[in-house]
Amino acid sequence: MNARHDHIALYTFAVFLFSFSLFCYGFFPLSFSPVTKASFDELPQSIGNASFNGTDYKPRISRAILMVIDALRMDFVVQEENFQFLNQLLGDGRACLYRVQVHPPTVTMPRIKAMTSGAIPSFLDVILNLGSPEMKLDTFLYQMKQRQQKTVFYGDNTWTNMFPDMFYRRGENTDSLYVNDFYKGDLNITKLLNMELQMYDWKLMILHYLGLDHIGHVEGPYSDKVPGKLQEMDKIIKTIHQTMDKWKQKYYTKPLLIITGDHGMRDSGGHGGSTQPETNVPLVVVSDQCVKSEETFLQIDLAPTMSIWMGVAIPYASIGSLIDPAMSMLQRRDMLYALYYNTQRLASKVEAILRDKFKNAEVYKSFQEAKELHRLFMHDTTDISAYKRATLLYTSVSKNLTQLLISSYIRYDIVFILIGTSMALVCAAIAVTQLLQDTNATVLPLQPKLFPSINCMLLSFLLLKLLSFEKESSQEGTNSSHAIIVSLCVVYFTLWVILSHLLKGVRGPAVTLFHEGASSLLTPFLWFGVGFHCVSLASSSFVEEEHQTWYYLTSSIMVLLTLKQVNVMNSTIGAIKHTKTDPSLVEVCKEERSIFCVASIAFVCLHVLVRRFNQTGDKWQHIPDVGDWLSKDEHKLWLSLTMIIGLCYLVYQICYMAGLLTTVLSLTASMLIYYYRAATGTVSIFGLSASKSSICLTIFWINLAEIFFIGFLPMMYRAVVDGTATRRSGELYSNCIIIVALLSALLHKPHNVLLVGTLLATSRFLTERIDRIAHDRYSGLVLKVITHYWLGKTFYFYQVQFTYVCVYVSQLIISLMCAACLQGNSNSLATIDLNAGYVGLNNFDIVRVGLFLTLHTFSGPILSFLLLLHHIFTDNERDVKQKHQSETSNARERILTLINVLITVPVSFFLAVATVLRDHIFVWTVFSPKIIYEYFNVWLVLIQVLLVVLLLPKTLCSSV
């Protein structure tokens, strides 16, 4: 049986994607916490020989308002000029400010889950943040409903999605993900708040304001709109406080106002990562019966604390401790009871995990001592020393138990992790060995021997059975589980057969990888770069600063290509001098060399400039950059000039691949892009006013349609008339690239428009250099594929400084399945620009927003790959016109093999590293976000692989 190499490459990539999915399923369990509900009957009735009075546990406040200000940072609260009234309350002792630590991922849905249930959310809750499924865990909201305590809500519809039947009255924002809404949604909440303050039939009111978060996504924390928004929140706090004072005077009640943020906001804007501004949020308790504290509490501590305030059972899933300084309104007897109640719960959870080891731990001894002191205080309530010592021990023990539970709740499905990792490594080995085959080979003869094959199947079955033994011991074995094991054995068997036969045809690396014909230094450097990037993924610091690797590799390859061409020019000039040639020809060659050197230096300087537009990575992203300077209102003129230059440069680059009519339409589209930005107030038209941005966008879409049909209609005509569409589809493909480039320019921030033209120019720069120095088709193809892959990665990191995207895009792909570098992107989940998804939209649309965000975030890799295919098509059509007779049929196979190597080798290595370092301190802040990015990137590469299979002809001329 013979198997074609392109089919092997496709099968290997499909299996690799499947193995990556298995790994993610095991690495990101969907839930850590049980859905069991707590009961009021579970309250402790005694401690030792001292019994509790059931009336001790009751509501401590008459009603409460929980005000969540989305993306409220700790430093925002202490800005007296913005929170004037709140700081007055803090200064007068009528409110207390506490620091609260938030666990990553810092996005809304997991944070609401943590605040209401007291449980640590799963990391994959960041994916579910878009759909916000109904909450199944026990929460203090559920417990309040069980006690007939009514809750009303106004704000982010994430709450109403998570708790559809929990609120007595509610009013949600229908477009919470529409980040261009800075004020309207908040004003609606405030209007309903004023009405609700006149009602007295509720126990708890929850408010969730989104305006600050939206400003952060679009303009960052240092926007001039932030002070106004904070002052708006301060006025709302003042209104609530004044109303509460009236309640106290009229009804002699004890209302409570709690102000907090679900997460913070990073210095560059957005959130989702683990930086200090994202994970440190304020908790303000407006009450004259609280005690100030410099201690840092956890966000999960809010759930048990709210339960004590409301006099309801603490949620079963809660592993948080009490925020005891905020509970000074409790009597000493009640305070000890609350601390004992929560600590006893935590101790029972830890004991269920550690079993006999728990009783030998120091924390258990401290707990027993606290209970003894508590019992003594129950007999003698005047023993203040026993009270203080018991309080201190309870607090210390509960915090230690919380940390033990947090660490123990990080559970992995090691079976799926090992299966996924091993299968991915085998796929990577197949990709490498396939690359080492004879460059002229198109098929692989597969002749598996009987007994080795049977042994391989049996060994695979036994290993998989052994791995799944623990699962089957806790669950009854089913036919489906055995069917899955057999299916995996078949997959492993086919991989083993392919790998074993490929190993027989391996040529020496020096022959295959370091192929002669390009340069004695260029090709080795390419493979050094591939290997270096792969190894660098073993370091968390290199993952955080991955952009530095791509900057170095791309800059180095451009310099090496330039030096190689200069060397070729010098050889040409030297050869001309030794012949009887007109001296003027030598001068022309020297002048051409000088122009080439100056142009190359200018081109490198352009890259240095655009690299400075946006800070990226983790360590330097907070440093102001050129983009920050241009975005200021006083520099709008310079931003306008920068955008004009970027659009003109883009049109200039489009001229190289378009005809006259397409170029004119592209120029018109560029003018419409500028007009749209002027209509939105981002740039100026130098004294003129722009309005009605929707009209210009409509004309823009018509322009793109015209560009498409300019290439499509002639191709269809040729297909109908003489059947030559397949040979003359290059114009349509070029026009599609132009459409993607113009759409990217529309989605990018104004100062980043220059990046699109720079990407087109860099691709042409690399291709021209490679065509001039490569002496054969194979070496040129390797150089083009790898350099364009590096180019896409580099421009991925060039793009935007503050971006909130892969989280959202990952949410989109999960929703649709179940239902880039000059951009300033990074491997943090906070680097996704939601604003780009709403260009030209007035409300949330999952499909359009998802497509816009995907194109905006990954515009570098997408455009780079499309340009690679464009150059291959162009070279092939040129050689066909020149009537080259020599054709090769394995170019498509080599491209697929190279893509497999570039993707499977580093990703499978990183999966192995993540498996080994799964208990690393940075596993959730560095490795996990990187895994999510890579998983989505692999799906994008799958689309690229399909484009290669569908568009690239089977036969290409030899002089590609």
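The values are calculated or read from the model by the stated rules, or taken from the named source; none is laboratory data. Remember, it's a predicted structure, so these values are computed and weren't measured experimentally. Glycine also receives a Cβ, built like all others from the backbone with ideal geometry; neighbour counts cover every protein chain displayed. Side chains included, ligands, DNA and RNA excluded: accessible areas come from the protein's heavy atoms. Shrake-Rupley method; radii C 1.70, N 1.55, O 1.52, S 1.80 Å.
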Unit Cα scatterers, Debye sum, segment 60-330: log10 I(q)/I(0) for q = 0.07, 0.13, 0.16 Å⁻¹: -0.21, -0.79, -1.31
5 angstrom amide H check on PHE153, placed H, neighbours 5+ away: ARG169, ARG170, GLY171, ILE206
Solvent-accessible area, 1.4 Å probe, carbon plus sulfur percent, for segment 60-330: 47
Too-long pairs where the Cα-Cα distance tops 24 Å, listed order kept, from LYS113/LYS246; LYS58/LYS248; LYS203/LYS250; LYS225/LYS254: LYS113/LYS246; LYS225/LYS254
Taking all pairs of distinct alpha-carbon atoms in segment 303-349, Kirkwood radius in angstrom: 10.7
Segment 520-781, accessible surface, carbon-and-sulfur percent (1.4 angstrom probe): 67
Average accessible area per residue (Å²) across segment 60-330 - probe 1.4 Å, nucleic acids and ligands excluded: 32
Sparsely packed trypsin sites (Lys or Arg not before Pro) within segment 527-596, loop by DSSP, other Cβ within 10 Å at most 10: LYS580
All-pairs alpha carbon distance profile, segment 520-781, 10 Å steps from 0, percent: 6, 21, 26, 26, 17, 5, 0
Theoretical FRET efficiency, 1/(1+(r/R0)^6), r = Cβ-Cβ of GLN368 and LYS238, R0 56 Å, to 0.05: 0.70
FRET efficiency estimate (nearest 0.05) - Cβ-Cβ, GLN548 to PHE596, R0 30 angstrom: 0.55
Pairwise label distance in nanometres, SER46 with TYR717, each label 7 Å out on the Cα-Cβ vector: 9.8
Solvent exposure ordering (accessible area, 1.4 Å, most first) of THR421, THR296: THR296, THR421
In sequence order, calculated HN-Hα J values of segment 193-209 (Karplus, 6.51, -1.76, 1.60; Hz; x Gly/Pro): 4, 4, 6, 6, 5, 8, 9, 9, 10, 10, 9, 9, 10, 10, 10, 9, 8
Exposure ranking of TRP939, TRP629, TRP527, TRP309 by accessible area [1.4 Å probe, largest first]: TRP629, TRP939, TRP527, TRP309
Centre separation in Å (Cα based) which lies between segment 285-354 and segment 534-602: 66
ARG147 accessible area, assembled protein chains, probe 1.4 Å, Å²: 120
Other-chain or far-sequence residues with amide H under 5 Å of MET67's (modelled H): LEU207, ILE258, ILE259, THR260
For LYS504, solvent-accessible area (1.4 Å; no DNA, RNA or ligand), Å²: 150
Where only alpha carbons of segment 326-435 are counted, the Rg and the Dmax (Å): 23.1, 82
For segment 636-667 and segment 252-283, distance of Cα centres in Å: 43
Residue order for TYR789, TYR674, TYR656 - accessible surface, 1.4 angstrom probe, largest first: TYR656, TYR789, TYR674
³J(HN,Hα), Karplus 6.51/-1.76/1.60, whole Hz, each residue of segment 211-223, x for Gly, Pro: x, 5, 4, 5, 4, x, 5, 8, 10, x, x, 9, 5
Hypothetical label at ILE576: residues of segment 740-779 whose amide nitrogen lies under 18 Å (7 Å Cα-Cβ projection): 772-773
Pairwise label distance in nanometres, SER407 with VAL608, each label 7 Å out on the Cα-Cβ vector: 4.9
Area of TRP496 that stays accessible when all protein chains are in place (1.4 Å probe, Å², to 10): 100
Inter-site label distance for LYS357 and MET195 at 7 Å from Cα along Cβ, in nm: 5.6
Nearest-20 debye value, segment 60-330 charge dipole, Cβ charges on Lys, Arg, Asp, Glu: 1060
Cα-centred dipole magnitude for segment 520-781, charges only on beta-carbon of K, R (+1) and D, E (-1), debye, nearest 20: 340
FRET E, pair ASP224, VAL78, Förster distance 30 Å, beta-carbon r, rounded to 0.05: 0.95
Under-26-angstrom lysine pairs by C-alpha in segment 520-781, whenever the two are 8 or more apart or on separate chains: 11
Net lengthening on full extension, THR680/SER293 (0.36 nm per residue, minus Cα-Cα): 134.8 nm
Rounded if a/c under 1.5, otherwise prolate or oblate - segment 157-251, Cα gyration tensor axes: oblate
